[in-house]
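Asks: Mind looking over this structure? Questions follow.
Every read-out reported here was derived from the displayed coordinates using simple, explicitly stated rules and does not represent laboratory data. Because the structure is predicted, anything quoted here is derived from the model rather than measured. Heads up, the Cβs are rebuilt from the backbone with ideal geometry, glycines too, and the neighbour counts pull from every protein chain shown.
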Amino acid sequence: MEIIFLGTSAGTPTKSRNVSATAVKKANSKLWSLIDCGEATQHQILHTKLSLNNLESIFITHVHGDHCYGLPGLLASASLAGRITPLTIIAPALIQDFVENTQRISKSSLSYKINFIHVEECKEYTDGNDFDVEFSELSHCVPSYAYTFCEKKIQGKLDIAKLQKDGIKAGPCWGEIHKGINQVLPDGRKINASDYILADRKPRRIIVCGDNDTPALLTNAAGSANVLIHEATYTEDVSLKVGKASQHSTAKTVAQFAEEVLINNLILTHFSPRYCRNKNSSPSIADIANEAANYYSGSLFLANDFDMYLLNKDGELQLLSNKNKYVGQ
């Protein structure tokens, strides 16, 4: 499973960070899903190998502009690029109003159909052939959601010992059984393929969150997750200055939660523009990294725009495209 960050700033863009957008895809697949679509997300996509024609679904976490203002432009560009395949958008109901009103006011139309699914009315979605997606409600000043991507169609190994014990000879039928196709043997026995397939590992799970001031709301979703992607808009000291009105998480609160639920990999994102990249200045991104590392002992990462991560089959997260990695101590 691959994760590509297209925007990692909160509220407004900076010279090095655009606002929220994240891509999730199966490794070596052209198909992909987009979570949030802040202003200029389509510009960010131009710097990647991602194609709007291969975009399978869009998930919007909430209605704030830094998470959805790029949506009308991206949809229009996909149309101008000749897209004809229907596109599914899973989002709060107001996002459908936003998209349709923008098209009406601008007198624009699309060359493909949009299938809107209101996140308030369902709990999960099957994203093509690669993922099942579950929804979790979060806490913010507007309704906000997290999306958990769980891989499906894991190819298990053949239980050769059982095949041999039951007198099923090696041959083409073994290949059919491995594909999950039930068989009728020459002696008339009916074989249930699932009885001879071993599940060699658990499905991998990635949680991508919208804005949220209460990480504990993700306790159920986090139980079997390999990766948690969560906003850490502030450090504790800055959050106290901003006050309760922010309704965002700090690096400390997210790190404490990830430690409590034993998530192996934590990626922090959605940083306030006040945090600069220069570690010698203050406040800096290093402040967020250091605060989180004090409370979390797993693999800790701070996302940068265009970072690409690979979650391998062993559940290990690898940063492929950037060296700015912070590991919990």
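Asks: With angles folded into 0 to 90 degrees, how steeply does helix 93-105 sit against the dominant principal axis of the chain? Use alpha carbons for both and round to 10.
Replies: In the chain, helix 93-105 runs at an angle near 70 degrees to the longest axis.
Asks: A further question on this structure: By per-residue mean of other Cβ atoms within 10 Å, what is the highest-first order of 134-143, 162-171?
Replies: 134-143, 162-171
Asks: Just want to confirm a number: the relative contact order over the chain, from Cα pairs under 8 angstrom separated by 6+ residues, in percent.
Replies: 15 percent
Asks: Can you give the angle from 0 to 90° between the axis of helix 71-80 and the longest principal axis of the chain, with both taken from C-alpha atoms, to the nearest 10?
Replies: 60 degrees
Asks: Points 7 angstrom from Cα along the Cβ direction at residue 105 and residue 219: gap in nanometres?
Replies: If labels sit at residue 105 and residue 219, their model points lie 4.2 nm apart.
Asks: Taking other Cβ within 10 Å of each residue's Cβ, how do 268, 55 sort, fewest first? Intermediate results must be reported in sequence, preceding the final value.
Replies: On the way: 268 28, 55 23.
Lowest count first: 55, 268.
Asks: Rounded to the nearest 500, what is the 222 nm mean residue ellipticity of the chain from helices alone, with -39500 (n - 2.57) per DSSP H run of 4+ residues and division by all residues?
Replies: Helices in the chain give a 222 nm mean residue ellipticity of -6000 deg cm²/dmol.
Asks: While we're looking at this one, here's another question. For a quick check: sort 275, 295, 196 by the number of other beta carbons within 10 angstrom, fewest at the front. Display every interim value, and only then the final one.
Replies: Values: 275 25, 295 18, 196 21.
Listing 275, 295, 196 from fewest to most nearby Cβ atoms yields 295, 196, 275.
Asks: Excluding residues fewer than 8 places away in the same chain, name every one of the lysines whose C-alpha is closer than 30 Å to that of residue 190.
Replies: 152, 153, 157, 162, 165, 169, 179, 202
Asks: For the chain, find the longest principal axis of its Cα atoms and tell me its angle to the long axis of helix 251-260, 0 to 90°, nearest 10.
Replies: 30 degrees
Asks: Please list the equivalent ellipsoid semi-axes of the chain, computed as the square roots of five times the alpha-carbon gyration tensor eigenvalues, in descending order and whole angstrom.
Replies: Semi-axis lengths for the chain are 38, 26, 17 Å.
Asks: Also, quick follow-up: Please work out the C-alpha center-to-center distance from the range 32-62 to the range 199-240 and express it in whole Å.
Replies: Value for the Cα centre distance between the two parts: 21 Å.
Asks: Then there's this: On a C-alpha basis, how far is the centre of the range 115-173 from the centre of the range 250-310 in Å? Whole number, if you could?
Replies: The distance from the Cα centre of the range 115-173 to that of the range 250-310 comes to 28 Å.
Asks: Continuing with this model, one more query. Give the long-range amide H neighbours of residue 6: residues separated by 5 or more places, or on another chain, with amide H under 5 Å away, using H modelled in the peptide plane at 1.01 Å from N.
Replies: 21, 22, 23, 306
Asks: Here's a follow-up. If I model a spin label at residue 77 and residue 170 as a point 7 Å from the Cα along the Cα→Cβ vector, what separation in nanometres do I get?
Replies: 5.3 nm
Asks: Take residue 162 and residue 183, extend 7 Å from each Cα along the Cα→Cβ direction, and tell me the distance between the two endpoints in nm.
Replies: Simple spin-label model gives 1.4 nm for this pair.
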